[in-house]
Amino acid sequence: MAQTEISKLADWLEAHKDGIADRSQRLDKNRVFQVIDNLKVLNQPINTYLEMSEEHYYETESDHLFTLDAGATKLSALKDRIMINHVDGSPDENELTFHYNHENAFEGGYVVKVDLNILTYGFEVVGAAAELVSDTVLKDKLSKDAVVSLGLAAACIDDWQNHK
């Protein structure tokens, strides 16, 4: 995996989040999806998960951090987000622990800055960890629900930017 691509994306998001939030700068959802897919944490490309039902995801791949209603509702409609906010451990011993918290970008209507923070902080933390450990360790330690959250955030931002 190109660890520098993760960090470059995090840096770009940090530099452009105000522009994305005021719609003067476009988020390239496909670039975000490519970085997510290159993590190889998920069994399928991220865009596949957006069309998947909550029930199917819960039963086949979720690590159960999400608050899912289950059922036939598509994951793309999920309002719960898992933010990757910290990592600690011993990289020399390939021991990492990611820390997460729930975020809701839909309190009182869609709040794009919440999803932007999920993307920015998530890629900053993952990028830092990716520079210290192997792809295999990263894949084993990073939550699938948190990675899907990155995709959900990018998709919602893209949809929001397209519907003024």
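Miscellaneous remarks
- Charge dipole of the chain (Cα centre as origin; +1 on each Lys and Arg Cβ, -1 on each Asp and Glu Cβ, all else neutral): 620 debye, rounded to the nearest 20.
- Per-residue ³J(HN,Hα) for the range 26-39, Karplus 6.51 cos²θ - 1.76 cosθ + 1.60, θ = phi - 60°, Hz, x for Gly and Pro: 8, 7, 8, 4, 5, 5, 4, 4, 5, 5, 4, 4, 5, 5
- Reachable lysines, given that their alpha-carbon falls under 20 Å from the alpha-carbon of K113 and they are not under 8 places away in the same chain: K8, K17, K29, K79, K164
- Per-residue ellipticity at 222 nm, computed for the chain from helices alone with -39500 (n - 2.57) per DSSP H run of at least four residues, works out to -17000 deg cm²/dmol.
- Accessible area (Å², per residue) of the range 11-119, counting only protein heavy atoms and a probe of 1.4 Å: 54
- The range 18-113: GluC sites (Glu not before Pro) in DSSP loop, at most 16 other beta carbons within 10 Å: E61, E107
- Cα gyration tensor, the chain - rounded (a/c under 1.5), prolate or oblate: oblate
- Solvent-accessible surface ranking, highest first, for F66, F106 at 1.4 angstrom: F106, F66
- Here the Karplus relation 6.51 cos²θ - 1.76 cosθ + 1.60, evaluated at θ = phi - 60°, turns the backbone of the range 154-163 into coupling constants of 4, 5, 5, 4, 4, 4, 4, 5, 7, 10 Hz, with x for every Gly and Pro.
- Simple spin-label estimate for D88 and Q34 gives 3.6 nm between the two label positions (7 Å along the Cα-to-Cβ direction from each Cα).
The values are calculated or read from the model by the stated rules, or taken from the named source; none is laboratory data. Note that this is a predicted model, so its numbers are computed, not measured. Cβ coordinates were reconstructed from backbone atoms using ideal geometry, including for glycine residues, and neighbour counts include every protein chain displayed. Side chains are part of the model used for accessible areas, which takes the heavy atoms of the whole protein and leaves out ligands, DNA and RNA. Shrake-Rupley method; radii C 1.70, N 1.55, O 1.52, S 1.80 Å.
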